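See structure below.
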Amino acid sequence: MRRAWQIWLAFGGAVLLAITAVGWLSYRALESEEAERTARAQAALEENSRLALWRLDSAVAPLIAEENARPYFVYRSFFPAGSPPGERVPGKSSASALVPSPLLTSENPQIRLHFEFHAWPEVALEEVMCSPSVPTGPQVARAVPEYLSAQALERNRRQLFMCPIRVGKKELLAALATENPPAMAAGSAVPQAVTQQPLPGNNALSQQGNASFPAEERQQMIAGQLRGDFEFQARQQAVMTNASTNGGTTDFGNNLSSIAGAQTDVMTPLWFHDELFLARHVTVGKQSLVQGCWLDWPLIRQQLLTGIGDLLPDAQLGPATISDGEDRAHRMAALPVKLITGELPIVPADSLSPVRLSLLVTWGLLLVAALAVALLLYGVMALSERRAAFVSAVTHELRTPLTTFRMYAEMLAEGMVTDETTRRSYLETLRTEADRLTHLVENVLAYARLERGGPGARIGPVPVTELLDRASERLAGRAAEAGLVLRTQAPPDVLAIDVVADPGAVEQILFNLVDNACKYAAGKDSAGKNADAAESRTLELAVDRANGSVRLRVRDHGPGVPERERKRLFQPFRKSAHDAANSAPGVGLGLALSRRLARDMGGDLSQENENAGGACFVLTLRAANDSPGV
């Protein structure tokens, strides 16, 4: 076809468009799946962060509660028993009346040192910081070694020496004044100022440029911050409730009732040079004290991270800055510490997830559809080309006999041929051309009937001898027209075998084979054209049996079938007008028709290569089950 390339170009464009569309949809589907998987991982990360923060606050709440519950007088190495402690003036109480502080007799590995100093403005900077873990003067002899080892005392002294270096009293007082923690009397409940204090940073988003965020994203950010604030308030409430509940767990005998007039602030956690402290103001009469403890943050951090290792294996803890206060969803309520969640391992996508399986099926169907359409298009175009070639070949085949018919008929009708011998020759030529056209029309009609799926042939058991008797006269006559002799070879035992066949179809197949042999093996074809002369003027029709079948072999001694023609020998409409004009008569339909007829009867038609030259075709027919000798 002249425009075949245009058809294939249009088909290629349609396939490319379909692949582009499906590819874009696949990309969007995979992108959506990845976003959903990332969102699930982020939700899991947030949930694990929430649980981890509850664990962290629950882990440090007892420590803060214990420090909040300590009466102010335990920050002295020894304090009077059974009487209200007065002002801190050494030597006023008898040694027998003093009891050791629990801060002297017990150690907490999470606390490096407890400290205390006067907060009076006129002496705040000159007053030396002291510690209940470092007794001075005559208290040393009583504390060591009864309550404190010499090594522990030396260690505590070094810690007391380092503490003012880590945090200056001026910085500590300024930080406490900025934090302004609420005061509470000893043994009282959690003050309302703590449980209901507003959370800074709630209006952070409203203070930003709202125009820089899309409306939907801004709403999501506000909702996420509100959830974080609610969680923070809940954890803060839990921490304060824990502090209130555990406020009286330390047993100080009658001293608790004797300090009702003391005003003690809540312990405030503070950061100084990457060190964490707890500090508070204490007012007893005219005295103003600052008490607190220096926490061992590396140890506490390690213990906290171990406690949440199953939730956030890559988490880290660090000091929370002022800007971090706005992100309460990742901040501890008990300590000014922020949780750095790290990356939660994202589970790899399932290779056969529903989305991927659907895409795989879609691509498979697309490829199958494209291949099916391509094969269909190729078949239609090939069939169109073969039919065009067939029409062209048939036109050429009809032109010669019709021209002969017209010319000879006009000459005979007008009485131009007076010689009787010539007149009979013309009539014989007309008969021959009529037979040729009849054979051509029979083949075309028979193939068209097979293509339409018309009624099948009358197939049944038929003796081989009946098939040969029916076709021998016609076959011999066709061979004689070409100047050849048909020789039949059939053993008597094979002639008695019944084969499953249609006698008419077998006759047509054998005639087509003999006709082809006459066209190509005779010195002159039926149209009078020159052809390669065969070495022998004999056509052989041999019959034998093998493997429950009967084979009818038609062999000539002509030039044989060229190698280039063997692959398309049984294709229908294989001759073009050029081939028909430059070869033996015919349209290339006889062999294709013969093979179709043979296979419809359960047999086959094939071509054998003969080393001695010539062409040999074998018709194989199934033998009937009840045939003798089979």
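The values are calculated or read from the model by the stated rules, or taken from the named source; none is laboratory data. Model, not experiment: these values are computed from the prediction. Note that each Cβ is placed from the backbone with ideal geometry, even for glycine, and that neighbours are counted across all protein chains shown.
What to note about this one:
- Only one entry of ALA238, ALA279, ALA223, ALA243 meets the criterion of being in the same structural domain as PRO336 (by TED's automatic domain parsing), small (Gly, Ala, Ser) and modelled with pLDDT of 85 or more, and that entry is ALA279.
- Residue under evaluation ARG37, criteria (1) crowded, with 16+ Cβ neighbours inside 10 Å; (2) charged (D, E, K, R); (3) at pLDDT 90 or above, criterion not met: (3)
- Which listed residue, of LEU360, LEU375, LEU365, is part of a helix (DSSP H, G or I), without any contact (Cβ under 8 Å) to a residue 40 or more places away in the chain and more than 16 Å from ALA14 (Cβ to Cβ): LEU360
- Among residues of the stretch 129-145 that are under 11 Å from HIS114 (Cβ atoms), none has a Cβ under 6 angstrom from a residue that is surrounded by fewer than 14 Cβ atoms within 10 Å (Cβ to Cβ) and aromatic (Phe, Trp, Tyr) at a sequence gap of 6+ or on a separate chain.
- Test: residue in the stretch 566-585 that is modelled with pLDDT of 80 or more, crowded, with 18+ Cβ neighbours inside 10 Å and not in a loop (DSSP other than H, G, I, E, B): no
- Of everything listed in (1) small (Gly, Ala, Ser); (2) in contact with a strand residue (DSSP E or B) (Cβ under 7 Å, 6 or more places away or on another chain); (3) more than 30 Å from GLN110 (Cα to Cα), the single unmet condition for SER32 is (2).
- Listed by first and then second residue, the pairs with beta-carbon distance under 6 Å, at least 6 apart or on different chains, first residue in the stretch 393-416 and outside the structural domain of GLY590 (by TED's automatic domain parsing) and over 17 Å from THR438 (Cβ atoms), second at pLDDT 80 or above and β-branched (Val, Ile, Thr), form an empty list.
- Residue in the stretch 518-536 that is modelled with pLDDT of 75 or more, touching a Lys or Arg at 6+ places or on another chain (Cβ under 8 Å) and either within 17 Å of LEU621 (Cα to Cα) or in the same structural domain as LEU484 (by TED's automatic domain parsing) (or both) present: yes
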